[in-house]
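The values are calculated or read from the model by the stated rules, or taken from the named source; none is laboratory data. Please read these numbers as outputs of a predicted model, since none were measured by experiment. Positions of Cβ are backbone-derived with ideal geometry, glycine not excepted, and every protein chain shown enters the neighbour counts. Quick note on the areas: whole protein, heavy atoms, side chains included, nothing else; ligands and nucleic acids left out. Shrake-Rupley method; radii C 1.70, N 1.55, O 1.52, S 1.80 Å.
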Amino acid sequence: MSNDSATRTPTERATSRLTGQPAPGETERTVGQLVADATHDLSALVQSEIQLAKAEVTKGISFGGKGIAFLAVAGFLALLGLIFLFHTLAQVIAVWLPVWAGYLIITLVLFAIAALLGLLGIRAVKKAKANAVPQRAIRNAQETVTAIKPGS
């Protein structure tokens, strides 16, 4: 083992030591050094946690993107199948009525279903809008601030 500690600068010796341990030649660490080490360790911990979170989110987004693409293609193919189903139904009705009447009946049924779904959608949006404010989270945050404030 070489004795290279004599050739290194004090800064190099201080940065190569273990965190929380006195530098070579020092008997005790000062409060400033301990606080600096704690701050450095905390900063490194937070940065590593942020990097881990970024990696997890990126992986989740990748899988989510693929899933959304598959769902979009499946939805498009289902829409095409639905169009052909409606054409088939119109042709079946045309066995008893003229072709234009079959298409008219199918069109009116589709508009009726669309109107019903539209009304249900509007009702759901209004209900969601009324419940959009996170009341419990706001109350908890206010309680936390009240508890932390001095003199409260």
Positions within segment 82-99 being among the small types (Gly, Ala, Ser) and over 15 Å from Leu110 (Cβ atoms), in sequence order: Ala94
Among (1) in contact with a helix residue (DSSP H, G or I) (Cβ under 6 Å, 6 or more places away or on another chain); (2) open to solvent by 90 Å² or more (accessible area, probe 1.4 Å) - the single one Ile93 does not satisfy: (2)
Matching entry among Ile61, Ile50 (being assigned to a helix (DSSP H, G or I) and open to solvent by less than 90 Å² (accessible area, probe 1.4 Å)): Ile50
Residues that are of a type in the set (Val, Ile, Thr) and within 25 Å of the chain's Cα centre (by Cα), drawn from segment 93-143: Val125, Val133, Ile138
Complete set of residues in segment 96-114 that are aromatic (Phe, Trp, Tyr) and not in a helix (DSSP H, G or I): Trp96
Pair list, Cβ < 8 Å and 6+ apart or interchain, from segment 30-47 residues that are open to solvent by less than 80 Å² (accessible area, probe 1.4 Å) to residues that are modelled with pLDDT under 80 and not small (Gly, Ala, Ser): Asp37/Thr19; Asp37/Arg29; Asp41/Thr19
